[in-house]
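This report refers to the structure that appears directly beneath it.
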Amino acid sequence: MTNAPIRPLIAGNWKMNGLAAALAEATAVRDTLPSLGGNAAEVMICPPATLLAQLAGLAKGSPLAVGAQDCHWAAAGAHTGDIAAEMVKDAGASAVIVGHSERRADHGELDRIVRSKASAAHRAGLTAIVCIGETRGEREAGLTLTVVRRQLAGSLPDAVDPTNSVIAYEPVWAIGTGLTPSTDDVVEVHAAIRAYLVERFGAAGQGVRILYGGSVKPANARELLALTDVNGALVGGGSLRAEDFLAIVRAAL
Ligand code: PEP
C-alpha cells in the first residue's frame, strides 16, 4: 500500500530521567535542528512532567516539538499525582505518549485505559502516541500479530486520523535491552498495523504514522527507518544525549 509520503517523527522518550541540567541537551537539539535541512522530519522530546513546561518554553518558536509521557483520562478532578491532557496542552506540549509498556507493566494499564487516555488526548487537542508491542513470551509463542491486533482494537478510540494519532510499535523485549527484531519481523508487524488501520479507519489509516521503538540507536537507525511502513522512531536511551539523538534524527532525513 503506497500513498503520499509520510513525514517521519523522531520522538525521544526521556522516561524518568532528567533534572533541570538535562535541558541543556534539549537546547542543543533545538539549536542544531535548523541546520539539518529543513523540516523533513518532525523531532520531539518527551521529558518527565517536571520539565515539560520549561522544555516547551525553550522549544517555542523552534522546530522542536514537545510531548508528555502520560496523561489521565479525566479533564480535572480528584486524581492525586495525575496530570490531565488539558494540563499537558496548557504546559505547551503538542503530544502525549499513552500505553507505554512500562505504564502497562508498572501501573496495570489495560487497553481500555489506554483508549480512554488517547481519547483524552484528542479531547485536549493533543496527538496521542499510542504504544503497543508483544512480550518475549508472546513472540516466542507465535502470538505477536494476534497481540498487536488485540492491543490496537482495545487501545485506539474511534476518531483516529493522521493529525491526532501516532502508533508506536515497541516490542517489550527490545526496550532498553539493546535487542531489536530482525528487519523482516519489523516489516511484518508494521504491515499488519497498517492493514488494521486501513481496515478500521479507511483512508485516514493510510496516513497515520507508525513508529518503531526498542533500542533504536545511531548504529541501527538508518536501517530501521528505511523499512516499509516505518514512519519514524520512539527512542528511549538514545534520546538522552543530544549527540546520539541528533544522529538518529539525521538517519531519518
Ligand atoms: C522507549 O522507552 O520507548 C524505548 C524504546 O526505549 P529504548 O530506546 O531505550 O529501548
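The values are calculated or read from the model by the stated rules, or taken from the named source; none is laboratory data. Please read these numbers as outputs of a predicted model, since none were measured by experiment. FYI the Cβ positions are ideal-geometry reconstructions off the backbone, even for glycines, and counts take in every protein chain you see. Protein only, heavy atoms only, side chains kept; ligands, DNA and RNA dropped before computing areas. Shrake-Rupley method; radii C 1.70, N 1.55, O 1.52, S 1.80 Å.
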Problem set entry | Dipole moment magnitude, nearest 20 debye, region 1-150 about Cα centre, only Lys, Arg, Asp, Glu C-beta charged | 320 debye
For this session: Among Gly61, Gly125, Gly238, determine the one that fluctuates most according to a GNM of the chain built with springs between C-alpha atoms less than 10 Å apart.
Result: Gly61
Seminar exercise, completed: Subtracting the Cα-Cα distance of Ala78 and Ala28 from 0.36 nm times their residue separation yields 14.2 nm
Exercise. Spin-label point model (7 Å from Cα, Cβ direction): what's the Glu199 to Leu253 distance in nm?
Worked result: 3.9 nm
For this session: Find the relative contact order for the chain and round it to a whole percent, using C-alpha pairs within less than 8 Å whose residues are 6+ positions apart.
Result: 20 percent
Exercise. Taking a probe of 1.4 Å, how large is the accessible area per residue of the chain, in Å²?
Worked result: 43 Å²
Exercise. Simple spin-label model, 7 Å along Cα-to-Cβ: Ala21 to Ala159 in nm?
Worked result: 4.4 nm
Exercise. Which ³J(HN,Hα) values in Hz, rounded to whole numbers, follow from the phi angles of region 71-77 under the Karplus curve 6.51 cos²θ - 1.76 cosθ + 1.60, where θ = phi - 60° and Gly and Pro get x?
Worked result: 8, 7, 7, 8, 7, 5, x
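Does region 130-253 classify as rounded, prolate or oblate by the C-alpha gyration tensor (a ≥ b ≥ c root eigenvalues; a/c under 1.5 gives rounded; else a/b over b/c gives prolate, otherwise oblate)?
Oblate, since a/c reaches 1.5 and b/c is not below a/b.
Can you pull the percent of the chain's accessible area that's carbon plus sulfur, 1.4 Å probe, other chains left in place?
Details: 5880 of 10760 Å².
With neighbouring chains kept in place, the figure for the chain is 55 percent.
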Exercise. So which residue, out of Gln69, Gln151, Gln54, gets the largest mean-square fluctuation from a GNM of the chain using Cα contacts under 10 Å as springs?
Worked result: Gln54
Exercise. Per-residue ellipticity at 222 nm for the chain, helices alone: DSSP H runs ≥ 4 residues times -39500 (n - 2.57), over residue total, nearest 500 deg cm²/dmol?
Worked result: -11500 deg cm²/dmol
Exercise. What shape does the chain take by its C-alpha gyration tensor, where a ≥ b ≥ c are the square roots of the eigenvalues and a/c under 1.5 counts as rounded, a/b above b/c as prolate, and the rest as oblate?
Worked result: rounded
Exercise. If you take the square roots of the eigenvalues of the alpha-carbon gyration tensor of region 1-55 and sort them as a ≥ b ≥ c, do you get rounded (a/c under 1.5), prolate (a/b over b/c) or oblate?
Worked result: oblate
For this session: Treat each spin label as a single point 7 Å out from the Cα along the C-beta direction, and report the Glu188 to Ser35 distance in nm.
Result: 4.3 nm
